[in-house]
Amino acid sequence: MSEPFYITTAIAYPNGKPHIGHAYEAIATDAIARFQRLMGRDVRFVTGTDEHGLKMDQTARAAGKATRDLADEMSSYFKEMCHTLDISIDHFCRTTSDHHHKASQAIWKRLEAAGDLYLDRYEGWYSVRDEAYYDETELTEGEGGQKLSPQGTPVEWTVEESWFFRLSKYEQPLLEYYGAHPDFIRPDSRKNETVKFVEGGLKDLSVSRTSFDWGVKVPGSENHVMYVWLDALTTYISAIGFPDDTEEWRKFWPANVHIIGKDIVRFHTVYWPAFLMSAGLPLPKQVFGHGFLLSRGEKMSKSLGNVVDPMQLAELFGVDALRYFLLREVSFGQDGSYSPEAIVTRVNADLANSFGNLAQRTLSLIFKNCEGYLPAIRGHNDDDTALLDLVGATVSQHIPAHYEDLAMSQGLESWMQAVFACNAYVDVQAPWALKKTDPERMETVLATLFICIAQLAIAALPIIPGSATKLLDQMGVPLDVRNFHAAGSHWYSPLAESNYQIAQPVGLFPRLEMPAEEGTAA
RNA sequence: GGCGAAGUAGCUCAGCUGGUUAGAGCGGUGGAAUCAUAAUCCAUAGGUCGGGGGUUCAAGUCCCUCCUUCGCUACCA
């Protein structure tokens with residue numbers, strides 16, 4: 001039985017259409033999930049939408065829609081995005097589903113049974129306009145001493161009945177857990193922030209609201225709905241069966257890793273583990289907070305008008321080009337910068353010029369000089385074995401090690417080095433010249449290249465699944481070879497001896513044109 | 001204000017526990033080649049490693065200080 005691997009993205013809040021940040025997270029998580037499958041693990045990959053809470057309600061009202069309808073519509077965009085970007089999810093969950101409500105109420109009851117919930121009053125400066133509480137320190141003084149929110153709206157001291165979670169009780173347990181599990185929070189910068197935050201002391205958390213009703217009803221307090229985060233985080237377990245004692249649930253929980261944005265690290269590294277501890281459930285093994293994508297080094301925002309639609313980018317440059325760019329160019333865990341020029345430059349240099357051209361020139365030579373039949377190997381010389389060793393080590397060791405560590409950009413850097421080595425090898429061996437002087441040697445050279453290219457395509461499957469698969473299809477590489485364990489096995493000769501014949505090769509990594517200047521997305 | 005991260009070639013960045021002439025990709029320059037998506041290969045570019053001070057036989061790599069940028073500093077999500 002293969003080892004389980006459970007991975008999730010954050011559950012997106014769909015009060016708007018998906019933006020590039022959602023796409024980035026989905027793509028990165030997908031690459032990891034695909035990699036783990038190619039390592040032979042039994043993967044569960046979950047994403048979804050977190051549809052409760054005040055903002056959904058407000059957004060729907062502003063649009064003159066029923067909240068439910070807005071949720072349905074918005075959620076569908078996220079699902080569509082997954083489909084378009086080749087995100088290999090196993091399950092798309094919605095917090096509005098009946099099962100999820102049941103799960104959220106189940107975890108609530110567990111917190112209650114643990115004695116960690118109590119009814120009290122939540123008091124604070126409340127802005128009716130914003131429908132939000134603000135801390136005293138955030139307020140400014142307006143005319144006539146009127147206190148104002150950061151948005152400039154008037155606030156009033158308000159008292160609301162609320163259920164509280166004894167977060168303070170978990171201060172020490174959390175700190176101990178962080179200490180005992182140094183990889184629980186990554187990258188380190190996020191861990192440091194979290195540890196400092198918890199060391200600074202935890203206050204109990206208000207976990208129910210009475211000011212609106214778009215949410216999961218609190219068991220026994222029907223006028224309360226659960227705090228959105230409590231319900232949203234529960235998705236990670238409801239998606240695989242909780243509270244039912246299913247085989248899937250037993251197999252996949254605790255999750256191997258939650259991939260989330262750096263802005264919601266606290267919810268996942270403080271609240272979520274505390275809830276789980278209280279509920280008597282195991283904690284996820286890791287929470288990884290990735291960085292943000294910046295547009296030409298600037299934060300994207302609606303007011304700046306530089307928000308990018310990921311669907312548009314995928315259409316403009318191609319899904320795999322977009323995926324490759326994001327995973328190669330952005331160091332996972334750090335912020336990254338995006339621009340059309342950067343995508344075009346990177347993709348052309350790496351995919352079109354280096355790898356795509358390598359495949360094209362090699363397959364063309366085989367097609368023309370060998371009638372498409374895979375050339376025979378007649379003894380490797382030192383150059384051949386050096387290349388095979390380098391590519392073999394890269395594909396079987398270096399790249400998996402980096403991917404395993406969620407360092408996709410470094411894995412791809414190794415990948416490119418191997419691609420460079422192949423191109424250098426082609427130039428030195430010059431098979432087009434050998435055609436006349438030593439046809440047998442030419443065959444060996446082309447066979448060597450064929451093997452290397454196939455291995456490199458396999459290593460690229462998690463990143464650019466569509467085009468890598470097409471390339472492997474063109475090359476006739478059997479499906480059972482397309483994983484990290486079998487890539488280095490002895491599959492070439494059997495394939496060649498099966499008289500597999502390649503067709504005229506078709507370029508799979510086109511050079512991109514710079515999009516016409518139409519100013520920035522303003 | 002407090003805590004933390006970062007400032008390395010034109011650009012984007014690697015440089016772990018201090019140790020030969022500071023690295024890569026892209027760009028630029030000069031060659032080679034012509035199988036291939038005008039793609040490739042080879043060579044090269046002399047950057048006070050933010051400023052200053054210190055520890056050490058030896059510092060981009062440790063300590064202090066200053067400058068700059070950024071993140072966190074709880075209940076919208």
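Key figures
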item	result
In the range A:242-262, the residues that are within 25 Å of A:ASP72 (Cβ to Cβ) and within 22 Å of the chain's Cα centre (by Cα)	A:ILE260, A:GLY261
From A:LEU363, A:LEU388, residue being in the same structural domain as A:GLN474 (by TED's automatic domain parsing) and open to solvent by 10 Å² or more (accessible area, probe 1.4 Å)	A:LEU388
Cross-chain or 6+ apart pairs with Cβ under 7 Å, the range A:416-433 first and without any contact (Cβ under 8 Å) to a residue 12 or more places away in the chain, then more than 7 Å from RNA strand B (Cβ to nearest atom) and outside any loop (DSSP other than H, G, I, E, B)	none
Long-range neighbours under 8 Å by Cβ, at least six apart or interchain, first residue free of Cβ contacts under 8 Å to residues at least 24 places away in the same chain within the range A:197-213, second open to solvent by less than 60 Å² (accessible area, probe 1.4 Å) and more than 7 Å from RNA strand B (Cβ to nearest atom)	A:ASP213/A:VAL225
Residue count, the range A:322-333 (criterion: near RNA strand B (Cβ under 10 Å from one of its atoms) and either assigned to a helix (DSSP H, G or I) or without any contact (Cβ under 8 Å) to a residue 60 or more places away in the chain (or both))	2
Test: residue in the range A:507-520 that is among the hydroxyl-bearing types (Ser, Thr, Tyr) and not assigned by TED's automatic domain parsing to the domain that holds A:GLN360	yes
Residue list for the range A:254-280, restricted to those being surrounded by fewer than 23 Cβ atoms within 10 Å (Cβ to Cβ) and of a type in the set (Ser, Thr, Tyr)	A:TYR271
Selection count, the range A:238-293, where residues are outside any helix (DSSP H, G or I), hydrophobic (A, V, I, L, M, F, W, C) and in contact with a strand residue (DSSP E or B) (Cβ under 8 Å, 6 or more places away or on another chain)	11
Residue check for A:ASP473: loosely packed, with under 15 Cβ neighbours inside 10 Å, under 39 Å from the mean Cα position of the chain (by Cα) and within 14 Å of RNA strand B (Cβ to nearest atom)	no
Test: residue in the range A:211-223 that is touching a His at 6+ places or on another chain (Cβ under 7 Å), farther than 27 Å from A:PHE45 by Cα, open to solvent by less than 70 Å² (accessible area, probe 1.4 Å) and not charged (D, E, K, R)	yes
Residue match in the range A:443-457 (condition: free of Cβ contacts under 8 Å to residues at least 12 places away in the same chain and either assigned by TED's automatic domain parsing to the domain that holds A:VAL481 or farther than 24 Å from A:SER493 by Cα (or both))	no
Residue within the range A:340-363 that is within 12 Å of RNA strand B (Cβ to nearest atom) and touching a strand residue (DSSP E or B) at 6+ places or on another chain (Cβ under 7 Å) present	no
First in the range A:274-288 and hydroxyl-bearing (Ser, Thr, Tyr), second anywhere and part of a strand (DSSP E or B), Cβ under 8 Å, 6 or more apart	A:SER278/A:PHE165
Test: residue in the range A:375-395 that is within 13 Å of RNA strand B (Cβ to nearest atom) and either under 30 Å from A:TYR6 (Cβ atoms) or not in a helix (DSSP H, G or I) (or both)	no
Test result for A:GLY145, exposed (fewer than 12 other Cβ atoms within 10 Å of the Cβ), at pLDDT 75 or above and either within 16 Å of RNA strand B (Cβ to nearest atom) or more than 30 Å from A:ALA62 (Cβ to Cβ) (or both)	no
A:ASP116 vs. criteria of a type outside the set (Val, Ile, Thr), open to solvent by less than 50 Å² (accessible area, probe 1.4 Å), modelled with pLDDT of 95 or more and more than 30 Å from A:GLN312 (Cα to Cα)	yes
Scope the range A:222-237; condition in contact (Cβ under 8 Å) with a residue 12 or more places away in the chain and part of a strand (DSSP E or B); matching residues	A:ASN223, A:HIS224, A:VAL225, A:MET226
Positions within the range A:396-437 being near RNA strand B (Cβ under 10 Å from one of its atoms), hydrophobic (A, V, I, L, M, F, W, C) and over 22 Å from A:THR362 (Cα atoms), in sequence order	A:ALA407
Given (1) touching a Leu at 6+ places or on another chain (Cβ under 9 Å); (2) buried (at least 19 other Cβ atoms within 10 Å of the Cβ); (3) not in a helix (DSSP H, G or I), index of the condition A:SER467 fails	(3)
Long-range neighbours under 8 Å by Cβ, at least six apart or interchain, first residue under 27 Å from A:GLU371 (Cβ atoms) within the range A:500-515, second open to solvent by 90 Å² or more (accessible area, probe 1.4 Å) and in a loop (DSSP other than H, G, I, E, B)	A:GLN501/A:GLU371
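The values are calculated or read from the model by the stated rules, or taken from the named source; none is laboratory data. What you see is a predicted model; the values in this text were computed from it and never measured. Neighbour counts are summed over all protein chains in view; Cβ atoms, including those assigned to glycine, are modelled from backbone coordinates with ideal geometry. Please note that ligands, DNA and RNA were not included when accessible areas were found on the heavy atoms of the full protein model with its side chains. Shrake-Rupley method; radii C 1.70, N 1.55, O 1.52, S 1.80 Å.
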